[in-house]
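These notes concern the structure reproduced below.
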Amino acid sequence: MAKYSTGGAGGNAGGSCELCGTEDADLRTANVAGAQLEVCADCAQHGDDATGSSDDDSRSDSDRKRRAAQNAARIDDARKGDPSHWEEEGTDYEDDQLPYLVTDYGKRLTTARQDAGLQLEELADELGIDQSDLLAVEQGRATQAGVGGSVITKLEDRLDVELAES
């Protein structure tokens, strides 16, 4: 049975792999799914830093983030119970990807909206977007809320503010 790390003892304290439980005197530290574990040579291949070039890692990380954003948007549509959004209008998540946003995009949007003298509800109605999506962007939760790139584009155009990295 596998032993899981509680973050307490470091080094080779137990002498067994924290993934498979094999007794091994030759343990090494590996980052597995974000956790630092003491693992045997066989389990070391499961570590995040096992192999691959940094270019491959950055591409796969970018692909992973893109797929995660697309999946979040699909799940959000399903949760809202409004399949018409993606069935009738034909929303294509490949074409409506959330762009890379600047670090302080939420603060920028809030400031621009307030400078324009608009309330959240007014701006959402004017642009034909969900108020919850607008609120998510202002709170810096666009990715988690599954906000599409088209929403960001509408906000940038209407308020003349830069939210996405060029």
The conditions are (1) modelled with pLDDT of 85 or more; (2) of a type outside the set (Val, Ile, Thr); (3) not in a loop (DSSP other than H, G, I, E, B), and Leu118 fails exactly one of them. Which is it?
(3)
Within region 116-126, of all residues that are without any contact (Cβ under 8 Å) to a residue 12 or more places away in the chain and among the charged types (D, E, K, R), the one surrounded by the fewest Cβ atoms within 10 Å (Cβ to Cβ) is Glu121
For region 136-157, which residues satisfy the criterion of being within 13 Å of Arg108 (Cα to Cα) and surrounded by fewer than 18 Cβ atoms within 10 Å (Cβ to Cβ)?
Gln139, Gly140
Region 127-155, subset part of a helix (DSSP H, G or I) and in contact (Cβ under 8 Å) with a residue 60 or more places away in the chain, residue nearest to Glu165 (Cα to Cα)
Thr143
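The values are calculated or read from the model by the stated rules, or taken from the named source; none is laboratory data. Since this is a predicted model, take the numbers as computed values, not measurements. Glycine gets a Cβ as well: all are built from the backbone with ideal geometry, and neighbour counts include every protein chain shown.
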